[in-house]
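Trainee: Below you will find the structure I want to go over with you.
All of the numbers you see were taken from the coordinates with simple rules; none came from a lab. Please read all numbers here as calculations on a predicted model, not as lab measurements. Please note: Cβ atoms are built from the backbone with ideal geometry, for glycine as well, and neighbour counts cover all protein chains shown.
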Amino acid sequence: MAASLNLLCLPCAGASATMYLRWRRQLPQWMHLVPVELPGRGGRLGEPAVEDFAQMVALVCREQRSAIQGRFVLFGHSMGALLAFGMARHLRATGRELPLAVVASGSSAPSRRDPERFARKGDDEALIADLRKQGGTPEDVFASPELMRITLDVLGADYRVCESFAYAAEPPLPMPLHVFAGREDDIAAERMDAWSAETATGFSLDWFDGGHFFIKQHEARVLSALQQRLAWSVAGESHASRAHA
């Protein structure tokens, strides 16, 4: 059995940590799920939202200090993938412990982000249209004015987080990078392949049927692939430790 690790899961734009709670019953015991709740949603609804990428990364690294020690992995879907990448860079820059691996799901590589992705999405009508296009939002949210207001406020703030991200060339990360993508998502394959330039120690790209929310549509397959990829990362870390002993 693989050695235990903390699996920090960062949500997509407009979502809360609850998007990952179902995983707790399906992951093996050696993977300890840590769903990360960001300000302004879920259990932190009363807190002001953060709208700057660098501030959000620094905040999560500070708040999750106890979870990002020892063996841990960063997982993120869509905006969460970008945050996971930013956290890995931030931890390296501040001399902190680094994750065993980063798993980026449903997101273009940081160097290949579409500059038009968040253009003209500053009003409710545009945000609602984007929610419909991406899928993954329950119909009861659209039917409830109160839930819709909360969702749109969080989504707008998160889009501003993504807009504030500016890619800067840095040395590749010194840990494996595993990427998950949906075959029917509207992210071009070359934008997913470009993640390979961000790691110096191992890259994988797994494709799944489904659109942007393939992680919900094909949850069992995604979790099986996640378990396999992380078992390899833990095994690789263990071999490296023995090699340097």
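Trainee: How tilted is helix 219-243 with respect to the longest principal axis of the chain? Cα atoms for both, answer in degrees (0 to 90, nearest 10).
Mentor: 30 degrees
Trainee: Rank-order 187-194, 102-109 by packing density, defined as the average count of other C-beta atoms within 10 Å over each peptide's residues, highest first.
Mentor: 102-109, 187-194
Trainee: Once you put a point 7 Å from the Cα of R191 and another 7 Å from the Cα of R112, both along the Cβ direction, what distance in nm separates them?
Mentor: So the label points at R191 and R112 sit 1.0 nm apart.
Trainee: Could you let me know the centre-to-centre spacing of region 94-114 and region 1-26, using Cα atoms, in angstrom?
Mentor: Using only Cα atoms to place each centre, the spacing works out to 16 Å.
Trainee: For the chain, report the translational diffusion coefficient in µm²/s to the nearest whole number, using Stokes-Einstein at 20 °C, 1.002 mPa s, and a Kirkwood Rh over Cα pairs.
Mentor: Details: Rh = 18.3 Å.
After rounding, the answer is 117 µm²/s.
Trainee: Per the helix-only calculation at 222 nm, which mean residue ellipticity applies to the chain, given -39500 (n - 2.57) for every DSSP H run of n ≥ 4 and division by its residues, nearest 500 deg cm²/dmol?
Mentor: One gets -12000 deg cm²/dmol as the mean residue ellipticity at 222 nm.
Trainee: What list of ³J(HN,Hα) couplings, whole Hz, do you get for region 74-80 from phi and the Karplus terms 6.51, -1.76, 1.60, once you set θ to phi - 60° and write x for glycine and proline?
Mentor: The phi angles translate into 9, 10, x, 10, 6, 4, x Hz.
Trainee: Please work out the FRET efficiency for the pair A54 and A200, using the Cβ-Cβ distance as r and a Förster radius of 22 Å; give the result to the nearest 0.05.
Mentor: FRET efficiency, A54 to A200: 0.40.
Trainee: Any idea what the relative contact order of region 5-237 is, in percent, if you count C-alpha pairs under 8 Å spaced at least 6 apart?
Mentor: Values: 390 pairs, mean separation 48.7, N = 233.
Taking the mean separation of contacting Cα pairs over the length of region 5-237, I get 21 percent.
Trainee: Separate question: Which loop trypsin sites (Lys or Arg not before Pro) in region 1-102, with loop taken from DSSP, have no more than 12 other Cβ atoms within 10 angstrom of their Cβ?
Mentor: R65
Trainee: Between 0 and 90 degrees, rounded to the nearest ten: what's the tilt of helix 53-63 against the longest Cα principal axis of the chain?
Mentor: 60 degrees
Trainee: Right, here's the next one. Relative to the longest principal axis of the C-alpha atoms of the chain, give the angle of the C-alpha long axis of helix 145-163, reported between 0 and 90° and rounded to the nearest 10°.
Mentor: 50 degrees
Trainee: Okay, moving on. What dipole magnitude, in Debye to the nearest 20, does the chain give about its Cα centre under +1 on Lys/Arg Cβ and -1 on Asp/Glu Cβ?
Mentor: Once rounded to the nearest 20, the dipole reads 860 debye.
Trainee: Given labels modelled 7 Å from the Cα in the Cβ direction, how far is it in nm from A126 to D140?
Mentor: 3.1 nm
Trainee: Something else about it: Using per-residue counts of other Cβ atoms within 10 Å, averaged over each peptide, order 140-148, 157-165 from highest down.
Mentor: 157-165, 140-148
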